[in-house]
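I have placed the structure first, in the form of structure tokens, so that the comments after it can refer back to it.
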Amino acid sequence: MAAKIKKGDRVEVLAGRDKGKKGDVIRVVPEENRAFVQGVNMVKRHTKPQGMGKPGGIVEKEGPINLSNLALLDPVSGKATRVGFKVLEDGRKVRVAKPSGEVIDQ
């Protein structure tokens, strides 16, 4: 099945402690049905020093979020939208925002 959310997409968080926040998808892990969104679900990790260039300490970074808690933003209205698929005349399968019918993939 084709992915409804991909790396680089602008999404909104629908549930959890970061509900309502918007950000860009950094990475998608389809095997685990999770995604990493920039500035959302920040977690602290205690790291050891990794040589001269990387000192140790407490590092804050993005944690994974379940894909069911994310919604793609409509390119026209900027609101959270459902995603559908459509095959164009040239044979490409593209993602489409349901309310506006706008093509998401370019």
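The values are calculated or read from the model by the stated rules, or taken from the named source; none is laboratory data. It should be emphasised that the depicted structure is a prediction, and the values quoted were computed from it without experimental measurement. We place every Cβ from the backbone using ideal geometry, glycine too, and count neighbours over all the protein chains shown. Heavy atoms of the whole protein, side chains included, go into the accessibility calculation; ligands, DNA and RNA do not. Shrake-Rupley method; radii C 1.70, N 1.55, O 1.52, S 1.80 Å.
For this structure, a couple of remarks:
- In the stretch 86-97, residue surrounded by the fewest Cβ atoms within 10 Å (Cβ to Cβ) [restricted to those that are under 18 Å from the mean Cα position of the chain (by Cα) and farther than 11 Å from Ile5 by Cα]: Val94
- Counted residues, the stretch 44-85 - those being surrounded by fewer than 16 Cβ atoms within 10 Å (Cβ to Cβ) and either in contact with a strand residue (DSSP E or B) (Cβ under 9 Å, 6 or more places away or on another chain) or farther than 19 Å from Ile26 by Cβ (or both): 28
- Note on the stretch 19-36: among residues that are among the basic types (Lys, Arg) and in a loop (DSSP other than H, G, I, E, B), the one that is surrounded by the fewest Cβ atoms within 10 Å (Cβ to Cβ) is Lys19.
- Any hit, the stretch 37-53, residues being of a type in the set (Ser, Thr, Tyr) and in a loop (DSSP other than H, G, I, E, B): no
- Criterion (over 25 Å from Val103 (Cβ atoms) and touching an Asp or Glu at 6+ places or on another chain (Cβ under 7 Å)) met by exactly one of Val59, Val40, Val29, Val25: Val40
- Inside the stretch 64-77, residues that are out of contact with any Lys or Arg (no Cβ under 9 Å at 6 or more places or on another chain) and farther than 13 Å from Lys4 by Cα make up a count of 2.
- Flag for Gly8 being open to solvent by less than 100 Å² (accessible area, probe 1.4 Å), free of Cβ contacts under 8 Å to residues at least 12 places away in the same chain and assigned to a loop (DSSP other than H, G, I, E, B): no
- Index of the failed condition, Ser100 passing every other in (1) surrounded by 11 or more Cβ atoms within 10 Å (Cβ to Cβ); (2) in contact with a strand residue (DSSP E or B) (Cβ under 6 Å, 6 or more places away or on another chain): (2)
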